[in-house]
Every structure is written in structure tokens, then in C-alpha cells.
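The values are calculated or read from the model by the stated rules, or taken from the named source; none is laboratory data. Since this is a predicted model, take the numbers as computed values, not measurements. Reconstructed Cβ throughout: ideal geometry from the backbone, glycine too, with neighbour counts over all protein chains shown. Remember, those area values only see protein heavy atoms, side chains included, never the ligands or the DNA or RNA. Shrake-Rupley method; radii C 1.70, N 1.55, O 1.52, S 1.80 Å.
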Amino acid sequence: MRLSRHRTRSALAVAGVTALLVAACGGDDDSSDASGPDTEPAGDTDVDDATEEEPAGEQVTLVLQTFQDFGYDAALEEFERLHPNITVDHQRMGELRDFAPQLAQWLAAGSGAGDVVGLEEGILLGYIENPDAFHNLLELGADELDGVYLDWKWDRGITADGQLIALGTDVGGLAMCYRADLFEAAGLPSDRDDVAALWPTWDDYLAAGQQFRDSGVDAYWLDGAAGIPQPYVMQNSDVFFYSPDGEFIGDTNPVFREAWDFAVQLHEEDLTAGLTLWTEDWTAAFERSEFATRPCPSWMTGLIENWSGPDHAGLWDITTIPGGGGNWGGSYLGIPAQTEHPQEAYELAKFLTSPEGHLFAFDEVGAMPSSVAALEDPSFTSSTSGYFRDAPVGQIMAESVAGLEPIHLGALHQETWENIFEQALNRVDAGQQSSDDAFDQAVSEAQALQ
Amino acid sequence: MTTTTKPPPGERRQRTHRRRISLRLGRFEVKAAPYLFISPFFILFGIFGAFPIIFTVYVSMFDWTLLAGNQGFVGLDNFSRLLGDSLFWNALRNTFAMFIIATVPQLLLALMIANLLNRTLRARTMFRMGILAPYTTSLVAVGIVFGFIFAERYGLATYLLEMIGVGQFNWRNEQLPAWAAISIMVDWRWTGYNALIYLAAMQAIPRQLYEAAAIDGARRWRQFWTITVPLIKPTILFTVILSTIGGMQLFTEPLVFNYGRIQGGIGRESQTVAMYVYERTFGGTFHVGYGAAISLVLFLIIILVALVNFTLVRRSIRTAEG
């Protein structure tokens, strides 16, 4: 009797202690931390300082928050020279996957976000459908900028009811990187113009792949099937996974199913190496010459150079992608509604996304411009890459984005593609699941997202 | 303080007045001071412990996303959605599997190591410090190194296994290899830590007990199971509970192992519940309400599992008292 009472009591004690420990240890993954009002972000103080200073000398400090490296050092110097009353506090927030949730929390909490913030294109999609946290830039005078940018780039910043919440910084473009030496060994043309002529369409790309496979060269035609659907759908449809009214159509969109089946066919023809993007094996495969082609946006060319190593200099080349054009990646600048200085923030965003601002960023980190004038500027179009056999990278990339038509993606597009369908295709490519099973599983996961 | 504003009265009156104030202050001090002294804990706990828990409960009953804000009260909808969410059950299964694969060998091994280190050894301090070294290593560095070791095709583990003829494993995209690899990471890091805790407890056991046992003819193995283990039972229970909490909240190791992919493998082969909470709360939909519901369920599961483990371990170690 006494023993059992003692037991219940200590059991209760254990439960209590566990609860405390769990609460104490439950750090970052605890959602309530995020939305709690006691979050005191670092950026806040700067904004307050600025408001206090304002009446004295009309001196304004703007906080600019970006992720990774937007290449804005020189551009900001120039901006401050042109606007002596504005100081820009540029806060680099690290990786996108850390910054995006932070920004969402600051916007939800109503404080902490900068006066101008960087938005990656996939992240922007979520805000397009929930634009309340951002200023409508058209009310700040952005209608003057219509026509400055590529149409589809400008279009993606506009909400269903016609508000403009973000201005384009860079784009990715999309070309095809290929191994000229392996092409030669397989008896295929290796000159970039001839290669472009070899695959005007995806069917031609498949045919060239079969020829490559049959030649007996010890490499796959491409790294993985998952690289195909995105450019394929963007070239051939104006919707992807979601209809303009927000309904999931990934299971019924015929163009997407076509792209999926085509990707699976590449796998079944034994043309793919079955590699998943961003894994150690994938990056190691560049150095081991495991595959001959890879769709590549402009920002990937530097990575390919790194991964392939100096031994492969002059072996990679770059040409147009089958079907003509494409884009992968790119960002925007938006102005959170919580800013105290919307007009000055607009001036900053406008400057950084002007052709001049784009070219500053291109000089600094090679960010590909999204404004028509900068894309046509000789300093961009004449850019070449020594590693890729002196390929005119600027010109090829500019062509890849020039002809793109706007496409409706929807708030959940990035999530649906990267985390559901791309992974499903990877499972097929790795031989883990049949095409139909993987597709059905992806559809049900996507439907559960909403 | 009030005395200074008054005109200077007689010395005696002033003294009694002061005495009365100090008496009152003294009484207040006696009553309130203890609470004041312990209040920092309660204030901090209130802010960082109690409030988040209560707020999580609150949020879990709303359709609340970070992008669209609070969309209204939905009662227990988030919880019923959870029951039908195959991704959650998958994450729960992974978490349990990795907890068992990692924790059981880890604690047994720690016990053995501690027992070895408890003997008189040459360079004992070096060994004792050495086993703690993995614990002081940055988790991200551990993740990167293990990422290389368990890379699918060109990794060290694959190379070694092929040398002895076992063949290839798909480290990230097959459940069992993924669980095993992550468990090895967890064990590598935590075994030494637990061993050190056991060692500290073992040193408190009086030498005479062993001497007496030796005279009675008990060998080392026998001494270990009938003296050492029962006498450090409270410490074992402590590590079991800590490992349960840590194991059920496993997050960083599988995340880094999967190159930062919060889904953990292309078929979610090694996604834990904590990762799933993060994915739902801070990815894509930013669904805070649903994330809160999952964390709350995880919280309850941890308490339950800790209780079960506590009982199991206590039953299985016999002590003199029963």
C-alpha cells in the first residue's frame, strides 16, 4: 500500500519533470515561440532610432534585409551618394531557408521586418495571395515602371486584384550545360550552335540521348529526370499545379502529366543517372563525369565550375535548352506595410531594381538582370565564361528568358513542386516506386496541403 | 524615507519611529524575501515555459497561418486532421524507430564504457575527457562529416561495406539504412556524455562493497550487475528520461544528414515529428495552428513514453528495497 502510493507519487513527479524539461528543451521547433509577442527582433531598434532622428535633420535610415548575396555593396554606395539624407542599413540574413520563416514571423507580428526586404520568387507566391503585409507599390508610384522588366517577371509581382507588391531583381534563365568532350566521344556534334540545332524540341533531345546511350560512352545522358518538368511545363502551358482560382489541378493538367511521362520515359530509356539534386552524390558526380547534360540557370554555372573542378575546364559548354526558353530562380524586393518610410523605401527598391541597379549586382556577384534594358546592355550580353569554352553565357541566358510567357503558379507552387512532385519523380528515377504509384501519392500529398 | 521630509522631532521619538518602520520592513522582508529570491525562476519559467505551452494550446485550436493571419476558431479540427495525416504517422514511426535503434545500444554501451573507465587505468583522465569530445563537437560539423561517410555512392561507409562484400546501401532513400545511419550519428555524439554521467555515479559507490563481494567470490561481471547497476539506478532512470526526451525531439541530426531537407529523404524515410512540425509551421503554408497541434501531440507522446520507460527500467533493475 505504502509502496504503491510512493510509486504513483514518483510517477507523477516524473511526468511533471518531463513536462518541464520538454518545455525547456523545446527550442526552435516550438511554433508558439514564433508568434509570441515577446519576440524582439534585432532590426527593430534601427527603425526606432531613425524615427527619433527624423525631425532634426530629416535624416532617414532604411533597413534593407536580403538573404544570401544580392551583390548590393556598390549599388548602395551609389544610392547613398544620390540621396544624402538616406542611410541604408543592409542586413544580410544568411540562407533563404533561415530568412524566409523569420520574415514570415516579423510580418505576422507587425514589427521586425526591414523597410525593404528580399523575396525569393517561390516565397513571393505565398505573399501574392496574402498581400496585406506589403505596400501596394502602384500607390507609391510604381506604375511608372511598367515595361522596364520582362513581362512575366513584372506579372508575378501582381496580385489577383491588381496590387503590385514586389519589383524584380534578378532572374535565373535556363540553358543546357553539356559535356562537349563526351558528345565528341559519342559521335554527336559538340559545337554549341550545332548542339542547339540538334535539339530544338524535347523529342529531339530524347533522340540525341538514345544515340548517346547507344554509342557506349560510359556516362548517362542527364543527371536526373526531375530536371525536366519545370522547363517543359513553363514552355507549354499557362498553368502549372494550381488554377488561377486556387484549385489544385496537378492531377488534371494535361501538360504537366505529359512532362511527367516524358521525364519517366527518359528514366525508362536508361538515360538518367537517377541522382537527386543537392546531394553529395550529385555534386560528386560532376567531377566523376557521370552524365553529359544538365539544365542550368545562370547562377548554376559557377557551381558547376566548382563541382567539376579545374580538370574539367574547357570540357563543359553551354547552349540553348530544348523548347527554347526557361527560368529557374530569381528574386524580388518588397516593402512591408509596417515600414515608417514607405516613400524612401520605394526610392531604394526602385533604384536597386532599375537597369543600373541590376548591372551593379551583375558586376558584383553575376546576378542576371530582369530588366529589359540591362539584359540588352553590352556589359551583360558580351559576358562569356572561360570555363565553358568561352561560351557567350550572357547572350544565351538573355535569350532563354526573353520569349517566356507568364504562367500562373499559385501560393503553394514551390512547396508542391520541390517537396512533393520533384521527390516523387526522384523516387521513380531511383527505381523505388512505379510512375503511377509515385504520381498518385504525390497527388494525395498535394491535396492534403490545402 | 518619510522621516526625512518631517521636521526633526525628538531623538527618542525618531528612534522608535525608525524602529517601527524597520520592524515592519523586517516582517515584510521575512515574508516576501523568499518569494522574491525564487521569483526569477518563476518569472523566466512563466515567460519561456508556461506561456509558450499555453499559447500553443490556444493556437492549436485556430485556423492560423503566418501569411493570412488568424482565420478563426476551428475547435479540434487540427487534431482530427492529424489523425488522418499519413505524413504525421510516417514521421512518428521514424521517430520511434530511431529512438529505439539509437537509445538502447547507446545507454548499454555508455554503461560498459563507464564501467571500464571506473577501473584503474593508465591515462585515465585522457580517456575520460576523450569520450566527451564528440559531445563538444558542433552538430553541423558532425552532420557534414557523416554526410560524407554515408554518401550514397562515393561514401566511406559504402566503400568499406563493399570491401567486405556486403554491397551498397541507399543510405537516405531506404528506411532501415537511413535510420541506422542517423542512429550512429546520435550515438557517436551522446554515448560519451551518458558514460560520464554514469561514471560520476559509479564513483560514489563505496569500495568496500566490491571488496566484500570479491571476498565472497563474485567476479567482475557479477559485481557489475548486482552492485554497480542497482546502486546507480537513479542515475540510469535520469538518463533514460533525458534520452527519451532528446530522442523523441530528434531534429538536427536527421536534418543535416539529409542535406538540410526538412522532408528527410525523397520518400520522407527519416523525417522525425519535430521536423514535420517545422515543415508545417515554417514551410510552404506556414500553418501555425496545425504545427501547434502536432507539437502538442508530440508533447503528450513524450510524457507518455517517458513514463513507460521509467516504469520499465525501474522494474527491470532489482534493488535491495524491491
Q | Residues being over 21 Å from residue A:341 (Cα atoms) and open to solvent by 10 Å² or more (accessible area, probe 1.4 Å) - total across the stretch A:123-144 | A | 5
Q. Residue A:303 versus (1) touching a Pro at 6+ places or on another chain (Cβ under 8 Å); (2) open to solvent by 50 Å² or more (accessible area, probe 1.4 Å); (3) among the aliphatic types (A, V, I, L, M): which is the lone unmet condition?
A. (1)
Q: Hey, could you check the stretch B:64-77 for residues that are farther than 21 Å from residue A:104 by Cα and either of a type in the set (A, V, I, L, M) or crowded, with 18+ Cβ neighbours inside 10 Å (or both) and say which is nearest to the chain's Cα centre (by Cα)?
A: B:76
**Q.** Pairs where the first residue, in the stretch A:96-110, is at pLDDT below 95 and the second is of a type in the set (Asp, Glu), C-beta under 8 Å, 6+ apart
**A.** A:96/A:120; A:100/A:120
Q.
Any residue at all in the stretch A:344-358 that's at pLDDT below 95, of a type outside the set (Lys, Arg) and either surrounded by fewer than 17 Cβ atoms within 10 Å (Cβ to Cβ) or not in a loop (DSSP other than H, G, I, E, B) (or both)?
A. no
Q: Consider residue A:171 carefully, then state whether it is away from chain B (no Cβ under 14 Å) and open to solvent by less than 20 Å² (accessible area, probe 1.4 Å).
A: yes
Q: Answer yes or no: is there a residue in the stretch A:237-253 that is open to solvent by less than 30 Å² (accessible area, probe 1.4 Å) and part of a helix (DSSP H, G or I).
A: no
Q: Give the stretch A:425-450 a look and list any residue that's touching a helix residue (DSSP H, G or I) at 6+ places or on another chain (Cβ under 7 Å) and at the interface with another protein chain (Cβ under 8 Å from one of its Cβ atoms), or say none.
A: A:426, A:427, A:433, A:445, A:449
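One line per residue, one yes/no per condition, for (1) closer than 30 Å to residue A:334 by Cα; (2) free of Cβ contacts under 8 Å to residues at least 24 places away in the same chain:
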site	(1), (2)
A:121	yes, no
A:133	yes, no
A:152	yes, no
A:156	yes, no
A:169	yes, no
A:186	no, no
A:208	no, yes
(Q) Going residue by residue through the stretch B:124-133, is there one that turns out to be more than 27 Å from residue B:238 (Cβ to Cβ) and assigned by TED's automatic domain parsing to the domain that holds residue B:190? (A) no
**Q.** Inter-residue pairs, beta-carbon under 9 Å, first more than 7 Å from chain A (Cβ to nearest Cβ) and in the stretch B:271-287, second aliphatic (A, V, I, L, M) and in a loop (DSSP other than H, G, I, E, B), 6+ apart
**A.** B:271/B:262; B:272/B:250; B:273/B:250; B:275/B:250; B:275/B:262; B:276/B:262; B:279/B:262; B:287/B:66
Q.
Checking the conditions here, which among B:95, B:103 is touching a residue at least 40 places away in the same chain (Cβ under 8 Å), within 27 Å of residue A:276 (Cα to Cα) and touching a Ser or Thr at 6+ places or on another chain (Cβ under 9 Å)?
A. B:95
Q. Is it true that some residue in the stretch A:286-299 is assigned to a helix (DSSP H, G or I) and away from chain B (no Cβ under 14 Å)?
A. yes
Q) Of these, A:198, A:164, A:188, which one is open to solvent by 20 Å² or more (accessible area, probe 1.4 Å) and modelled with pLDDT of 95 or more? A) A:198
Q: Can you tell me which residue among B:297, B:308 is β-branched (Val, Ile, Thr) and without any contact (Cβ under 8 Å) to a residue 12 or more places away in the chain?
A: B:308
Q: Taking the residues in the stretch A:72-122 that are under 19 Å from the mean Cα position of the chain (by Cα) and surrounded by fewer than 16 Cβ atoms within 10 Å (Cβ to Cβ) as candidates, determine which candidate is farthest from the other protein chains (Cβ to nearest Cβ).
A: A:92
Q.
Checking residue A:415 against (1) surrounded by fewer than 23 Cβ atoms within 10 Å (Cβ to Cβ); (2) in a helix (DSSP H, G or I); (3) more than 14 Å from chain B (Cβ to nearest Cβ): exactly one of these is not met. Which one?
A. (3)
Q | Subset of the stretch B:50-87 [within 9 Å of chain A (Cβ to nearest Cβ), among the hydrophobic types (A, V, I, L, M, F, W, C), closer than 30 Å to residue B:267 by Cα and in contact with a helix residue (DSSP H, G or I) (Cβ under 7 Å, 6 or more places away or on another chain)] | A | B:59, B:64, B:66, B:67, B:87
Q.
Being without any contact (Cβ under 8 Å) to a residue 40 or more places away in the chain, within 12 Å of chain A (Cβ to nearest Cβ), part of a helix (DSSP H, G or I) and among the hydroxyl-bearing types (Ser, Thr, Tyr): is that true of residue B:235 here?
A. no
Q) Among the residues of the stretch B:202-219, how many are touching a residue at least 40 places away in the same chain (Cβ under 8 Å) and hydrophobic (A, V, I, L, M, F, W, C)? A) 1
Q: For residues that are open to solvent by less than 50 Å² (accessible area, probe 1.4 Å) and under 26 Å from residue A:127 (Cβ atoms), scanning just the stretch B:32-63, find the one that is farthest from the chain's Cα centre (by Cα).
A: B:62
Q) Just to be sure, is residue B:178 assigned by TED's automatic domain parsing to the domain that holds residue B:251 and either without any contact (Cβ under 8 Å) to a residue 40 or more places away in the chain or within 19 Å of residue B:116 (Cα to Cα) (or both)? A) no
Q. Given the structure, is residue A:431 surrounded by fewer than 19 Cβ atoms within 10 Å (Cβ to Cβ), at positive phi and not in a helix (DSSP H, G or I)?
A. yes
